[in-house]
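Student: Below you will find the structure I want to go over with you.
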Amino acid sequence: MASHAKRLAHEAMLLALALICAYLEFLFPLSLGIPGIKLGLANLVIVYALYADGAGVALRVSLCRVLLSALLFGNLSMGLYSLAGAMASLLVMIGLYRRPYFSLWGVSLAGGAVHNIAQVLLAACISGTPQILYYLILLIPVGMFTGLLIAFLTFSVRRALYPARQTIGKGGSGG
């Protein structure tokens with residue numbers, strides 16, 4: 001019972017951190033002249049959860065974060081796009097995480113790119129405008145960059161929390 005309560009409290013803490021990150025991005029949107037660009041700070045918590053706690057925890061925290069963020073800071077449309085990006089990204093990251101030749105850096109980079117791809121594909125389907133796919137020329141590199149930034153932050157947080165341990169998940173070399 002105590003271990004179940006401890007796991008639940010841990011996941012609730014991760015969810016709270018992810019929501020705080022999402023709220024900060026909602027309050028202070030990134031304005032680089034490209035609509036829809038976000039750093040994706042909440043993904044720091046998701047990538048951390050994937051490496052520290054496994055796919056199940058990362059999935060639960062991500063789903064709850066998307067749903068609560070849409071309810072608290074957005075709307076149904078925002079929630080739908082966020083859900084598409086978050087779930088596609090997480091599924092790809094889980095798949096790559098399980099491969100021994102993908103590091104934290106590659107997993108997070110792919111997650112950032114796939115997040116944007118899923119959202120633009122959804123937008124093209126909803127709007128019936130396939131030309132919107134050209135937007136991926138800008139969004140894929142931005143997603144890859146933000147994925148690398150999230151990987152760096154995840155690695156830094158992990159190193160700060162566990163200074164004696166130089167690895168992240170699966171006994172790897174730290175990324």
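Where a number appears in this text, it was derived from the coordinates with a stated rule and is not lab data. Everything numeric in this text was worked out from a predicted model, so none of it was measured. Neighbour counts are summed over all protein chains in view; Cβ atoms, including those assigned to glycine, are modelled from backbone coordinates with ideal geometry.
Student: Just to verify a number: FRET efficiency for LEU68 and ARG7, C-beta to C-beta distance, R0 = 25 Å, to 0.05?
Tutor: It comes out at approximately 0.85.
Student: Report, to one decimal in Å, the Kirkwood hydrodynamic radius for the chain based on all distinct Cα pairs.
Tutor: Details: mean 1/r = 0.0606 Å⁻¹.
With all distinct Cα pairs of the chain included, I get 16.5 Å.
Student: Give a quick list of trypsin sites (Lys or Arg not before Pro) in segment 88-166 that DSSP marks as loop, anything other than H, G, I, E or B, with at most 15 other Cβ atoms within 10 Å.
Tutor: The qualifying sites are ARG98, ARG165.
Student: Among GLY111, PRO35, LEU68, pick out the residue whose Cα is farthest towards the positive end of the charge dipole of the chain, where Lys and Arg carry +1 and Asp and Glu carry -1 on C-beta, about the Cα centre.
Tutor: Positive-most Cα among the choices belongs to GLY111.
Student: Take segment 109-148, compute every pairwise Cα distance, and split them into 10 Å bins from 0; I just need the percent in each bin.
Tutor: For segment 109-148, the pair-distance distribution reads 36, 48, 15, 0.
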